[in-house]
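Beneath this line is the structure, given in structure tokens, with notes to follow.
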Amino acid sequence: MFTKETTCHLHLPPAGQFVILVIDSTDRNRLLTTWEELYKMLAHEVLQDASVLIFANKQDMKDCMTTAEISQSLMLSTIKDHLWQIQGRCALTGEGLPAGLQWMQSWATAN
């Protein structure tokens, strides 16, 4: 689904439960491509019931986009048919990973 130049990684769930999208918060030039791919993906019938966890990676980098900026650029507030969460993350320290996984676990156990 993505070209090798794309800075996003997509993990499709085996049972259609969750989609995890990892975004490079320093790469503003890829947001349009990310937006296009995210909405194409969410329109797919296999993912009609999937929840979406978006990790905004590299939050430790200077001049990175905040989760609010990414959310606005991706127009996440317009997503009404899927539960979604955006979580800041730093891959080097692991910061943000537990919170994102906790959100997934909370949603999975509630349903």
Report summary line: HN-Hα couplings for the range 51-61 via Karplus (6.51, -1.76, 1.60; θ = phi - 60°), in whole Hz with x for Gly/Pro, come out as 8, 10, 10, 10, 9, 8, 7, 6, 5, 8, 8
Requested in this report: For VAL19, enumerate residues with amide H under 5 Å from its amide H, sequence gap 5+ or separate chain, H modeled in the peptide plane.
Outcome: SER51, VAL52, LEU53
Report summary line: Whole-Hz Karplus couplings 3J(HN,Hα) for the range 87-96, θ = phi - 60° and coefficients 6.51, -1.76, 1.60, Gly and Pro as x, run 10, x, 8, 10, 5, 5, 9, x, 4, x
Query raised in the report: Using a 1.4 Å probe, what is the accessible area per residue for the range 43-111, in Å²?
Result: 62 Å²
Requested in this report: Compute the length gained on full extension between GLU69 and LEU32: take 0.36 nm times their separation in residues and subtract their Cα-Cα distance, giving the result in nm to one decimal.
Outcome: 12.0 nm
Query raised in the report: For the range 25-108, rounded, prolate or oblate, judged on the Cα gyration tensor with a ≥ b ≥ c (square roots of eigenvalues), a/c < 1.5 rounded, else prolate if a/b > b/c?
Result: oblate
Query raised in the report: So between LEU101 and VAL46, what do we pick up on full extension, going 0.36 nm a residue minus the alpha carbon distance?
Result: 17.6 nm
Requested in this report: Compute the FRET efficiency between MET61 and ALA108 as 1/(1 + (r/R0)^6), taking r as their Cβ-Cβ distance and R0 = 30 Å, and round to the nearest 0.05.
Outcome: 0.45
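The values are calculated or read from the model by the stated rules, or taken from the named source; none is laboratory data. The shown structure was predicted, so the numbers you read here are calculated from the model rather than taken from an experiment. All Cβ positions, even for glycine, are placed from backbone atoms using ideal geometry, and neighbour counts span all protein chains on display. All accessible areas refer to the heavy atoms of the entire protein, side chains included, with ligands and DNA or RNA removed. Shrake-Rupley method; radii C 1.70, N 1.55, O 1.52, S 1.80 Å.
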